[in-house]
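Just so it is clear, none of the values below were taken in a lab; they were calculated from the coordinates. For clarity, every value in this text was computed on a predicted model and none was experimentally measured. Cβ: placed from backbone, ideal geometry, glycine included. Neighbour counts: every protein chain shown.
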Amino acid sequence: MSSAVRTKEDTIATLKHYSAFILLGVMLLLNLFITPNFFRVGTLWNIVTQTCTIILTGMGMTAVISTGGIDISVGAVMALAGIISAKLLDSVGLVPAILIAVLFCCVSGVIAGFMVGRLKVQAMVVTLALLIGVRGVAQLVNDAKIFYLTGDRAEVYKKLGTAKIGGVIPIQVILIIAAVAVTWFILEKTMLGRHIQAVGDNSRSAMLAGISATKTLMFVYIYSAAFAAFAGIVATAKIGAADGNSLGLLAELDAIAAVAVGGTSMSGGRAKVFGTVVGALIMQLINITVNMNNITYEYAQVFKAIIIVFAVYIQRDKAA
């Protein structure tokens, strides 16, 4: 093979590897020209705050997808965490309410992990059942009615979604940094992370190497449920109300899209944590772009679909 051919292949491989970052740059550049006041500080912080829940759910989804699985129950888990924490707030206080809500939601992850890891049920089927069941529980907690946060403790709760550090930096920035840092450390710097990606590469080989696929899958689904719970609490705090009917609705689609666009293979293997962050920003930028330019929102859905298909195509091409 000639050096010219190798150089061309290396260039194409590099472009594919950084395709999500390139797309993000293109979208930012496009908005510079077509979207008035896009680069105002207020607009940029608004993008960050609105992307927070996608990134939180995306971190858990990255871990799940890197094992070759999927979790479509995260939106329902968000709703359950929001309604439980809101209902318990006055009786037990903020921190206990959050912890109880997260722990309760982790039961969903235990069920998913056990059924996928031990019973070998397909992840899509298990999490689809959980999507329906957990959403139903969230609706039953408050008789399918919206629960509004009121009182002194409610004001403290709401700060989780509205507070600004130094009056400038949204608290969501801290939550995003913490979630990304923890996920990156686990997946890239720990033995557990190696086990997760080994299971995603080849679960049978991982088992022969002494790795417990069941324990590994239990962890990633619990991890996904926990981050979805935190995302639901942040979303509830931001709007000042918990709605078991609509909170987190279709959140799983944005999370999966962020992971796919970010470059993590949908068939499992090496996770790209920072790629998921970029993918989440791309998903939210599409929403912001159509909204600020008075474009019908349905176009955003079409653009997202095109980008997701293209991202999956690139992954397929890599594996070919």
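Restricting to region 182-192, name every residue that is farther than 13 Å from PHE227 by Cα and in a helix (DSSP H, G or I).
Once the filter is applied, which keeps residues that are farther than 13 Å from PHE227 by Cα and in a helix (DSSP H, G or I), region 182-192 yields TRP184, PHE185, ILE186, LEU187, GLU188, LYS189, MET191, LEU192.
Going by the structure shown, is SER224 of a type outside the set (Asp, Glu) and under 18 Å from the mean Cα position of the chain (by Cα)?
Spelling it out, SER224 is indeed of a type outside the set (Asp, Glu) and under 18 Å from the mean Cα position of the chain (by Cα).
Does GLY263 meet the test of being in contact with a Lys or Arg (Cβ under 6 Å, 6 or more places away or on another chain) and crowded, with 23+ Cβ neighbours inside 10 Å?
yes
Cβ-Cβ distance below 9 Å, separation of 6 or more or different chains: which pairs start in region 67-90 with a residue that is without any contact (Cβ under 8 Å) to a residue 60 or more places away in the chain and end on one that is buried (at least 24 other Cβ atoms within 10 Å of the Cβ) and aliphatic (A, V, I, L, M)?
ILE84/ALA101; ILE84/ALA138; ILE84/ALA229; ILE84/ALA242; LEU88/ALA101
When residues of region 146-172 are filtered for being surrounded by fewer than 14 Cβ atoms within 10 Å (Cβ to Cβ) and either among the β-branched types (Val, Ile, Thr) or at negative phi (or both), how many remain?
Residues in region 146-172 being surrounded by fewer than 14 Cβ atoms within 10 Å (Cβ to Cβ) and either among the β-branched types (Val, Ile, Thr) or at negative phi (or both): 8 in total.
Looking at (1) free of Cβ contacts under 8 Å to residues at least 24 places away in the same chain; (2) within 18 Å of the chain's Cα centre (by Cα), which is the one condition that is false for GLY161?
(1)
Of all helices (runs of 4 or more DSSP H) completely enclosed by region 15-124, which ones contain at least 3 residues that are of a type in the set (A, V, I, L, M) and closer than 17 Å to MET283 by Cβ?
19-34, 41-65
Read through the list (1) within 22 Å of VAL74 (Cβ to Cβ); (2) in contact (Cβ under 8 Å) with a residue 40 or more places away in the chain, then give the number of the only condition that VAL125 fails.
Only one criterion is unmet by VAL125, namely (2).
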